[in-house]
Amino acid sequence: MAGEFRRLSDFYRPYLPWMYLSMGLLVVTTVLGLVYPYLLKLIVNRVIIGHAYGDLPWLIAAILAAALVKGVFNFGQQYTGQLFGSRTAYDLRNALYHKLNRQPFSWYDEIHTGDLMSRLTADLDAFRMFLAFGINNLVNLGLIVGFSMAMMWWMNGWPALVMLCLMPVLGFAGVFFDRRLHKAFRRIRQSLGTLNSGVQETIMGIRTVKSFAKEDFELDKFTHRNDDYFDSNLSASNIWKWFFPVVGITGNVGIVLILLVGGWLVMHQHMELGDLVAFLSVLWYILWPLADLGFYLNNWTQARAAGGRLLEILEAPVDITTQNGVHRSPMRGCVCLEHVNVDYGENRVLEDINLEVAPGETVALMGLTGSGKSTLVNLLPRFYDVSSGRVLVDGMDVRQWDLEALRRNVAVVFQEPFLFSTTIFSNIAYGRPDATLEEVRRAARMADAAEFIEQLPDGYATIVGERGMGLSGGQKQRIALARAILQDPSILILDDATSAVDMETEYQIQQALQEVMRGRTTFIIAHRISTLKRADKILVIDHGRIVERGTHKELLARQGLYRRIFDMQFRDYDTHLAAVAGGFSPPKGGHHV
Amino acid sequence: MCKSDVQADLRAPFVYREDERIEKFDWGQIRRLLGYMLAYPKVIVFAFTATCATALVTLAAPYVVGRVIDSAIATGHTGRLITYCGVLLALYAVNFYASNRRIYYTNLLGQNVIRDLRRQLFSHVQKLSLTFFDNRPAGSVLVRIMNDVNSLQDLFTNGVINSITNMFTLVGIIVIMFSLNARLALVTMVVVPFMFLLSLRLTVNIRRAWQQVRLRTSKMNAHLAESIQGMRVTEAYARQDENQAFFEDMNRDYMRMFLRAQRRSIVFSPLVDLTGAVGSALLFGYGVHLLTAGEVTVGLLVSFANYLGNFWTPIAQLGQVYNQLLVASASSERIFQYLDTQPIVQDAVDAPALPAIEGRVEFVDVEFEYEPGRKALDGVSFRVEPGETVALVGHTGAGKSTVINLLSRFYDPTAGVIRIDGQDIRTVQTDSLRQQIGIVLQDTFIFSGTIMDNIRYGNPSASDEDVIAAACAVYADEFIRQMENGYHTEVRERGSRLSMGQRQLISFARAILADPKILILDEATASIDTYTEHLIQKALEVLLSGRTAFVVAHRLSTIREADQILVFDHGQIVERGTHTELMAERGHYYHLVEAQYRFLA
């Protein structure tokens, strides 16, 4: 068997008894399918022509009994096959989910959601289908051809020869059309995908569309894609329109040939009439399974390819794990980076970073987009690992910490807040699902989120996320902040967490954060100097290096990059002050420290 | 509601709403739907003719097979054997051609109707007001245009034509059977009601079971997609074990429903076989009895067996059509609900195009309410001369955005008049108005395509040089050139590769290329890295010069440069004047500025 199946065998091996049972039932079902033509032959030959009327009742009873038994076995055969497929798919799905939940961030940096989704849905289904009925179909086809040919040879060689000629024609037609249909369906899917994303884009960007009065342009774009979808469907039907008639006429020609050959044989007493009737009946029994040969073969190749894509996920290496991690509790929050280098492929993202942070200190990082600030803070909870050097928390290398304990003590607020489709409560309590409502409220208050949440009609039970009600960017960020606060972390990381809020709100959050940061080691990434200036240490990062470090006062005095940024941000207010001299006095201390 | 209920709800790990589909049969809607087919009378006639031809062969062939046995084989007449086989071959040839045509024409008909309906729906939805889009998630609008329309495909392609010919075939088989032998026909047709029962009851049950499976599939997929997107949060908060338990529950529930649907589907064909066997048993039991009495022939029994087999197909298809009608009824209700929604802002029939404007804007006692009784704007009047910059200032919900929405005529005022160059904007074509107004939104929407295409969005006739010149003017050229394919870099997934500030610069370039006389700018609140922020401020100066500009402003620098500042509070203009004037007044504006200072200090 193909390598893909062997490598996935752990998932289906426990359920193999179902498959064996299914196969056993299948053999009986197929044989019973040939009983009806045989009984038909007996009725015609013995009862109708041979006038043995006494045989009729038991022949009729046999027809009914065969149909009943065949029905039960057929159900059993199909259902056990489905059980085999579904149970395997269930385990496989759980294993994939488990794996995805532990993949390193760097893996997610490379992956597209759409691609991953199609593996988890379409590929998993293709694999399941082969287990559930693909194997059965292939075996069944073999059995039908074998058994029915044996039976026909046994009845009469000549009409059997006619059937033997038809079989390859049907099989060939099946494969020929399936190959084309497969292509046609792929085109339909692609075309539908394009149409779908086009419509989605117009809806999401409707404000832009309307404000540029571009409705006609969008309609043209849509019409073009809509027409393409129409064409792709019609080109599939151009294959259908030959496939069904060709299979039909092959069977029909078979009927005529059997009538001619069989009729001649009957007339010359080489064969009995009942055999002729039986032949006609067998013809319909093998017609469609043969015509579907292409589909069955395709099912097999599809399942192999799909299995391969699933294995890529299941066998992907997990770099960031702890085997026998040490768990130190409580974490004090002492952080130390020693000669840290981080490379992404060819690029050196961080170079020779050395840093020592005492418990409870606040460290602010600033620098241009892409300078390496986020990478630096992501090393602490091991979202990424260093390429060389060490990151120590409480004096122990983070790679020796128990991963879960480490992450429970380091809370991160990401730049783009992500809310799950559930209640605000569950979103805040994401890391601590057992938190009480009072604790959640307290965290929300500290993140300056309580006020707006409590004004919502459903309060903390309001459902948010993609399909829930829309919150503004600032509101989402405050919920994400509350989520981090509820963790009661020893180390708090704010990765540009207040970027989407206006200055007034940021000011309020800043005030609230003063209390949160007390007693915790905090890392803040921000662009506004006003957000950073109270930090115990400010690091200015440029091209992966710490180019300046010190307190706000020290850095201003240095006349370096920090000073230049400061001037850029505050020039505005200086000129403004001059313009309204006397009209407005800034609060004590002023802005220029 | 008791407290524990609220708590359980509150703690739901994830909530995925289901669009449970209500099934009710509405003939009015079905009739309206079928009306779309009438646009293709020729195709209908061809499809119908072809389908009738295949039905006729279905009716005639078993009779001929019976004749072969009786009058050729039984009598040993070789000539007749060949003649009848020739007739049969001819019939099958007709059938071959006719089914080919049937498949072609029914698909042509179905796909045409689907295409027309979708185009009408898309075009209509696009014209609807912004409230329509604000009130529902983009996903639900997408589902109607795509999935609901697609779910009609079966009905239009096969359902309608087939159900007519199936009736015809059924009646035909009954008539032929009765004319061949009435008593045998009566006995064998005992199974027909059972077939009907199977077809209608069982197929409805099967479809419902699969519907349940689909609901669970979409829930599970929603969770998977969300999990992937939010995986960083899950890993950061070590939530894996709880989520695994949730997913396994979901997965188990899905498997249970899937196997239930399978059981229902799988039981179907054995049951059909069984009714067929009962039919055959009756046929031969009673048939042989009649045979001994000399009432029927062997060939006739064979024909009957074939007719009995042919009963099943039309009955099964009628069951399918019944299902298709149920599905179509639900989908069409939702489709027509959209089609019957009227846009709030509509042009007068004979509205002229707005001639090229200078950019003088006037609001006279303008009032507006989004919902009756809650005034979003109350008695707002102001006048802006061509080339002036107006800064709109105030808290969220004070009325700034409403002014912008009314000026671009996304809504009409409930009272008062808005004039551009002295012309009431309600009296001109909305398109011609919007083409002369440029709008830069807070969050710039990037279309999939190249950067070049995106900048050109508002002015499709602009050359590449024009686009580059526009980008240079707003300082966007530098970062664009640094991308791997420069202006021809493809941006996908709504521009996620670009930073917030970069997207803004692109929207500036887009606006400057469209070169509108009136510009509306909704300044972004997000903090942007200092260098890009610096570029944006310089770009703003370029963008605003030479046009009438309305700015919902957050940057003090932008506000200060404005010719006029309008301070909004609760839908009214509470202060107006220049920065210096307003600072001296020590009113609302003064306090707003002071708040910012307190933060910066």
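Quick notes on this structure:
- Among the residues making up region A:366-386, those that are open to solvent by less than 10 Å² (accessible area, probe 1.4 Å) and within 22 Å of residue B:237 (Cβ to Cβ) are A:376, A:377, A:379, A:380, A:381, A:382, A:383.
- Looking only at region A:228-253, and only at residues there that are out of contact with any Phe, Trp or Tyr (no Cβ under 9 Å at 6 or more places or on another chain) and not polar (S, T, N, Q), the one that is nearest to the other protein chains (Cβ to nearest Cβ): A:230
- Taken over region A:534-570, the criterion of being touching a residue at least 60 places away in the same chain (Cβ under 8 Å) and either within 11 Å of chain B (Cβ to nearest Cβ) or not basic (Lys, Arg) (or both) is satisfied by A:535, A:536, A:538, A:539, A:540, A:541, A:542, A:543, A:544, A:546, A:562, A:565.
- Check on residue B:340, out of contact with any helix residue (DSSP H, G or I) (no Cβ under 9 Å at 6 or more places or on another chain) and free of Cβ contacts under 8 Å to residues at least 40 places away in the same chain: yes
- Within region B:376-484, helices (runs of 4 or more DSSP H) holding 1 or more residues that are touching a strand residue (DSSP E or B) at 6+ places or on another chain (Cβ under 7 Å) and surrounded by 17 or more Cβ atoms within 10 Å (Cβ to Cβ): B:400-407, B:451-455
- Residue in region B:270-284 that is part of a helix (DSSP H, G or I), touching a helix residue (DSSP H, G or I) at 6+ places or on another chain (Cβ under 8 Å), open to solvent by 20 Å² or more (accessible area, probe 1.4 Å) and more than 10 Å from every other protein chain (Cβ to nearest Cβ) present: no
- Residue B:131 being surrounded by fewer than 18 Cβ atoms within 10 Å (Cβ to Cβ), of a type in the set (Ser, Thr, Tyr) and assigned by TED's automatic domain parsing to the domain that holds residue B:104: yes
- Test: residue A:122 is closer than 22 Å to residue A:81 by Cα and surrounded by fewer than 18 Cβ atoms within 10 Å (Cβ to Cβ): yes
- Inspection of region A:380-395 identifies at least one residue that is hydroxyl-bearing (Ser, Thr, Tyr), in contact with a His (Cβ under 9 Å, 6 or more places away or on another chain) and either more than 13 Å from chain B (Cβ to nearest Cβ) or assigned to a loop (DSSP other than H, G, I, E, B) (or both).
So that you can scan it fast, the table gives a plain yes or no per residue for (1) open to solvent by 80 Å² or more (accessible area, probe 1.4 Å); (2) of a type outside the set (Ser, Thr, Tyr); (3) assigned to a loop (DSSP other than H, G, I, E, B):
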site	(1), (2), (3)
A:319	yes, yes, yes
A:322	no, no, yes
A:329	yes, no, yes
A:336	no, yes, no
A:342	no, yes, no
A:350	no, yes, no
A:353	no, yes, no
A:356	yes, yes, no
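- In region A:427-463, of all residues being of a type in the set (Ser, Thr, Tyr) and facing chain B (nearest Cβ under 9 Å), the one that is surrounded by the fewest Cβ atoms within 10 Å (Cβ to Cβ) corresponds to A:460.
- Of all residues in region B:186-201, those satisfying the criterion of being in contact (Cβ under 8 Å) with a residue 12 or more places away in the chain and part of a helix (DSSP H, G or I) are B:187, B:188, B:191, B:192, B:194, B:195, B:196, B:198, B:199, B:200.
- Selection from region A:184-208 of residues that are more than 7 Å from chain B (Cβ to nearest Cβ), aliphatic (A, V, I, L, M) and surrounded by fewer than 21 Cβ atoms within 10 Å (Cβ to Cβ): A:184, A:188, A:192
- Check on residue A:504, more than 29 Å from the chain's Cα centre (by Cα), more than 24 Å from residue A:368 (Cβ to Cβ), free of Cβ contacts under 8 Å to residues at least 12 places away in the same chain and open to solvent by 10 Å² or more (accessible area, probe 1.4 Å): yes
- In region B:346-358, the condition of being in contact with a strand residue (DSSP E or B) (Cβ under 9 Å, 6 or more places away or on another chain), more than 22 Å from residue B:214 (Cβ to Cβ), surrounded by 16 or more Cβ atoms within 10 Å (Cβ to Cβ) and not basic (Lys, Arg) is met by at least one residue.
- Screening the candidates B:382, B:336 for the property of being under 38 Å from the mean Cα position of the chain (by Cα) and aromatic (Phe, Trp, Tyr) yields one hit, B:336.
- Inclusion of residue A:509 among residues that are open to solvent by less than 20 Å² (accessible area, probe 1.4 Å) and touching a Phe, Trp or Tyr at 6+ places or on another chain (Cβ under 8 Å) is not warranted.
- Identity of the residue in region B:292-320, under 19 Å from residue A:280 (Cβ atoms) and over 54 Å from the mean Cα position of the chain (by Cα), that ends up most open to solvent (accessible area, probe 1.4 Å): B:297
- Within the set A:108, A:90, the sole residue that is under 28 Å from the mean Cα position of the chain (by Cα), at the interface with chain B (Cβ under 7 Å from one of its Cβ atoms) and at pLDDT 95 or above turns out to be A:90.
- If only residues of region B:242-263 that are surrounded by fewer than 17 Cβ atoms within 10 Å (Cβ to Cβ) and more than 9 Å from every other protein chain (Cβ to nearest Cβ) are counted, the one that is farthest from residue A:55 (Cα to Cα) is B:245.
- Answer residue from region A:60-87, given it is β-branched (Val, Ile, Thr) and within 9 Å of chain B (Cβ to nearest Cβ) and is least open to solvent (accessible area, probe 1.4 Å) among those: A:63
- Breaking point among (1) surrounded by fewer than 22 Cβ atoms within 10 Å (Cβ to Cβ); (2) at the interface with another protein chain (Cβ under 8 Å from one of its Cβ atoms), for residue A:44: (1)
- Residue check: residue A:247 meets all listed conditions (1) assigned to a helix (DSSP H, G or I); (2) open to solvent by 20 Å² or more (accessible area, probe 1.4 Å) but one, namely (2).
- Residue B:501 under 17 Å from residue B:540 (Cβ atoms), facing chain A (nearest Cβ under 10 Å) and in contact with a Leu (Cβ under 6 Å, 6 or more places away or on another chain): no
- Looking only at region B:57-96, residues that are free of Cβ contacts under 8 Å to residues at least 40 places away in the same chain, open to solvent by 70 Å² or more (accessible area, probe 1.4 Å) and farther than 17 Å from residue A:260 by Cα come to 0 in all.
- Flag if residue A:147 is without any contact (Cβ under 8 Å) to a residue 60 or more places away in the chain, open to solvent by 20 Å² or more (accessible area, probe 1.4 Å) and more than 10 Å from chain B (Cβ to nearest Cβ): no
The values are calculated or read from the model by the stated rules, or taken from the named source; none is laboratory data. Please read all numbers here as calculations on a predicted model, not as lab measurements. When we count neighbours, we look across all protein chains shown, and the Cβ atoms used for this are built from the backbone with ideal geometry, even at glycine. We work out accessible area using only protein heavy atoms, side chains counted, and drop any ligands, DNA or RNA first. Shrake-Rupley method; radii C 1.70, N 1.55, O 1.52, S 1.80 Å.
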